[in-house]
Amino acid sequence: MKAVSAIVLALIVLLSASAVALAAPINAKRALPITIYCPSGTYAAVVNGNGAFTAAHAVNSNTVLIPIAFGEFVATIDDVVVEDDPPTVKGGAAPANDRVETCYYTVQFDTPDGLFEGTGTVTGFAANP
């Protein structure tokens with residue numbers, strides 16, 4: 001179970017920070033693909049970082065999705081809950097135009113213990129460099 005907790009902790013760290021880049025780092029060594037469903041559209045994106053609030057980079061554009069708060073995150077391996085994290089807020093990071101939206105995201109990948117599936121909500125904004 002320690003290996004599962006380490007994987008989940010790494011996932012949480014990857015899913016949460018803010019940095020602006022010019023292109024999606026889809027081929028980066030530790031890029032984690034995620035799907036983000038927002039009222040303004042659906043994004044195929046990747047996260048690649050190790051901060052508490054890592055930005056997601058849209059794969060098909062230069063859009064960077066910057067999180068400012070996360071809702072509950074629930075992760076399972078083969079339908080068994082392995083992580084249930086409470087909401088967290090970055091604070092003080094809203095864009096000048098106050099255009100934020102709350103989105104739903106999913107992530108899936110294979111582990112030695114089975115299929116990892118994570119879901120949660122994120123509030124943030126899109127930056128188009």
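Within region 39-58, the set of residues being among the aliphatic types (A, V, I, L, M) and in a strand (DSSP E or B) comprises Ala44, Ala45, Val46, Val47, Ala56, Ala58.
Yes or no, residue by residue, for (1) closer than 22 Å to Asn128 by Cα; (2) out of contact with any His (no Cβ under 8 Å at 6 or more places or on another chain); (3) not hydroxyl-bearing (Ser, Thr, Tyr):
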site	(1), (2), (3)
Leu32	yes, yes, yes
Leu65	yes, no, yes
Ile68	yes, yes, yes
Glu72	no, yes, yes
Thr76	no, yes, no
Thr88	no, yes, no
Gly91	yes, yes, yes
Thr102	yes, yes, no
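Taking the criterion of being more than 17 Å from Tyr104 (Cβ to Cβ) and either in a strand (DSSP E or B) or touching a helix residue (DSSP H, G or I) at 6+ places or on another chain (Cβ under 8 Å) (or both), the residues of region 59-82 that qualify are Val64, Ile77, Val80, Val81, Val82.
Considering only region 83-98, state which residues are surrounded by fewer than 18 Cβ atoms within 10 Å (Cβ to Cβ), within 18 Å of the chain's Cα centre (by Cα) and in a loop (DSSP other than H, G, I, E, B). Pro86, Pro87, Gly91, Ala93, Ala94, listed by residue number. Scanning region 58-69 for any residue that is of a type in the set (Gly, Ala, Ser), farther than 17 Å from Pro39 by Cβ and at pLDDT below 95 turns up at least one such residue.
The values are calculated or read from the model by the stated rules, or taken from the named source; none is laboratory data. Treat the numbers as computed from the prediction; the structure is a model and nothing was measured. So basically every Cβ, Gly included, is an ideal-geometry build from the backbone, and we count neighbours across all protein chains shown.
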